[in-house]
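The values are calculated or read from the model by the stated rules, or taken from the named source; none is laboratory data. Just so it is clear, the structure is predicted and the values come from calculations on it, not from any experiment. Here the Cβ is made from the backbone with ideal geometry for all residues, glycine too, and neighbour counts use every protein chain on show. These area figures cover heavy atoms from the full protein model, side chains too; ligands, DNA and RNA do not enter into them. Shrake-Rupley method; radii C 1.70, N 1.55, O 1.52, S 1.80 Å.
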Amino acid sequence: MASDKKTPVLRRRELIVAAGAALAAPLSVHAQSGEDIVIGGSIPMTGVFAFAGIGINAGIADYVKIVNDGGGIKGRKLRYVPEDTGYKVDVSVATYKKITSQNKVNLYYGDSTGFSKTINPELDRSGQILMAGASFATELNDPAKYPNQFLVGPDYTEMIGILLRHIAKEKPGAKVAFVYSDSEFGRDPIESSEAAAKKLGLTVPVKIMTPAGSVDVSTEVIKLRRAAPDYTIFHGYVLAPIPEFVQQGKQMGMTTKWMGTFWTMDSSTVMKMGEAGDGFMGVMPYRYYYDTSAKAPMLEKIRALRPEYQSTAYTQGFLTAMLFTEAAKRTLDAGKPLDGKNLKAALNSIKDFDTGGLIGVPITIKGNSIPVGRVYRADMKAQKMVAASDWISLDK
């Protein structure tokens, strides 16, 4: 067990060493083919979100390596400069200031909704940086208020919208319950999702809010059972108390279909639910690491680089770096300087873009999000998430 505890710290050290080495690269190397295009990163390598931060960091670093091994972008190399934030907003802000004062940063990865909102006035003031990150907050999906940011997938309201679209098709007029955490993350999509459900002819007989990591949910399960929903959507949790709800609900004879959103849906997280989690469904904007149901050359590349399972957080980091790179490439192709406005305009020019199969359909980025996803279901025998729907695009 001791070695497990050391892992984030060791990874953090490696991260800092790698970042230091990148900073120490001789100037002559940078000067040969124009200056580096820098991706800064507030990455939660330790703390409560370390499981995601470690994956995100590896995903960004791998894509940067792929681009640089292929000659960079118009002769310019990408340089990734990450630092650990422990998933704390104040540390993340200090990290941003440190990285941007020591490097000419064009692109930045943020670790949380709190950080994305806090740093937004600074992004607007400097006008030099395009930012994405770990957050899918609905509030950030507003190009007028957040002109230099984007979400690498659907926002939380859009995620539930994809689930509701699937439900309405599978069982018209179904009853849908929402179970969510008492947090900004949890409350985010609930009100708008209730309205969206009604528009699709679905009813919402009950909404249940619990503390984020609560374990004793017996009272709430009784309430849920009384409402007898056909589907129950969890949001605002990673794992607890979802397994408790599912286990107790099944013991009470509930036949509801249980569903989750992105941060619950990593394969390793769902598999922790054990036997009771069989059939658990949820929305995922990306293909899983082991999905070989269709041609996905970028996933093949990832599997060749890393033969062991990579989390959906890894894919999110990898795809972020891919979209950063595409925005930079298009900006340079147009002969424009790499600043926030030009990079965002280039990002918004992305139409029917092939992600190499990471997302199963070509993507178009009109505003601040990519409103595409697919419903997957847990197959506990196979220990895998399997597709339960086609790719659903909300702007179609």
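Quick notes
- Convex hull volume per residue for region 125-264, taking Cα atoms only, in Å³: 105 Å³
- Among the listed values (1) 42; (2) 57; (3) 39, the one matching percent of Cα pairs over 29 Å apart as calculated from this structure is (1).
- Among the lysines of region 32-108, pairs that are 8 or more positions apart or on different chains and have alpha carbons within less than 20 Å of each other number 7.
- Here r is the Cβ-Cβ distance between E300 and K396 and R0 is 22 Å; the resulting FRET efficiency, rounded to 0.05, is 0.20.
- Working from label points 7 Å from Cα in the Cα-to-Cβ sense, the K341 to F353 distance is 2.1 nm.
- Region 85-133: Rg to Rh, with Rh as the Kirkwood radius over Cα pairs: 0.91
- Distant-in-sequence amide contacts of W258, defined by a placed amide H-H separation under 5 Å and a gap of 5 or more residues or a different chain, comprise T232, M281.
- Sparsely packed trypsin sites (Lys or Arg not before Pro) within region 251-330, loop by DSSP, other Cβ within 10 Å at most 14: K272, K295
- Dipole in debye (nearest 20) - the chain, about Cα centre, beta carbon charges: Lys, Arg +1; Asp, Glu -1: 400 debye
- Accessible solvent surface per residue of region 87-238, calculated while the other protein chains remain in place, 1.4 angstrom probe, Å²: 41 Å²
- Dipole of the chain, positive direction: furthest Cα of T292, M209, F245, with charges on the beta-carbon: T292
- For region 288-336, alpha-carbon Rg relative to the globular expectation (2.2 N^0.38 Å, N residues): 1.41
- Remark on region 273-396: Rg and Dmax equal 16.4, 56 Å (Cα only).
- Backbone phi angles across region 156-164, fed through the Karplus curve with coefficients 6.51, -1.76 and 1.60 (θ = phi - 60°), yield HN-Hα couplings of 4, 5, 5, 4, 5, x, 5, 4, 5 Hz in residue order; Gly and Pro are listed as x.
- Under the combined filter of DSSP loop state and at most 16 neighbouring Cβ atoms within 10 Å, region 39-144 retains these trypsin sites (Lys or Arg not before Pro): K74, K104.
- Residues of type lysines that K175 reaches as a straight line, Cα spacing below 20 Å, ignoring anything fewer than 8 places off in the same chain: K198, K199, K207, K223, K250, K257
- Of I302, H235, S135, farthest towards positive along the dipole that unit charges on Lys, Arg, Asp, Glu beta carbons give the chain: I302
- For V386 and E139, a Förster radius of 45 Å and the Cβ-Cβ distance give a FRET efficiency of 0.85, rounded to the nearest 0.05.
- In straight-distance terms, cross-link reach from K171 covers every one of the aspartates and glutamates whose alpha-carbon lies under 19 Å from its own, apart from those fewer than eight places away in the same chain; here that gives E194, D230, D390.
- Rounded to whole numbers, the Karplus 3J(HN,Hα) couplings from phi for region 316-325 are 5, x, 4, 5, 4, 4, 5, 6, 4, 4 Hz, using 6.51 cos²θ - 1.76 cosθ + 1.60 with θ = phi - 60°, and x at Gly and Pro.
- Alpha-carbon centroid distance for the pair region 31-73 / region 104-119, whole angstrom: 14 Å
- Lysines with Cα under 19 Å of K351, excluding same-chain neighbours fewer than 8 positions away: K329, K341, K366, K396
- Heavy-atom accessible surface of region 261-347: percent carbon and sulfur, 1.4 Å: 54 percent
- Stokes-Einstein diffusion for region 70-161, with the hydrodynamic radius set to the Kirkwood value over Cα pairs and evaluated at 25 °C in a medium of 0.890 mPa s, equals 174 µm²/s.
- Evaluating 6.51 cos²θ - 1.76 cosθ + 1.60 at θ = phi - 60° for every residue in region 265-280, the Karplus couplings come out as 8, 5, 3, 5, 5, 5, 5, 5, 6, x, 3, 5, x, 4, x, 4 Hz, glycine and proline recorded as x.
- Measuring only protein heavy atoms, the 1.4 Å probe finds D352 accessible over about 90 Å².
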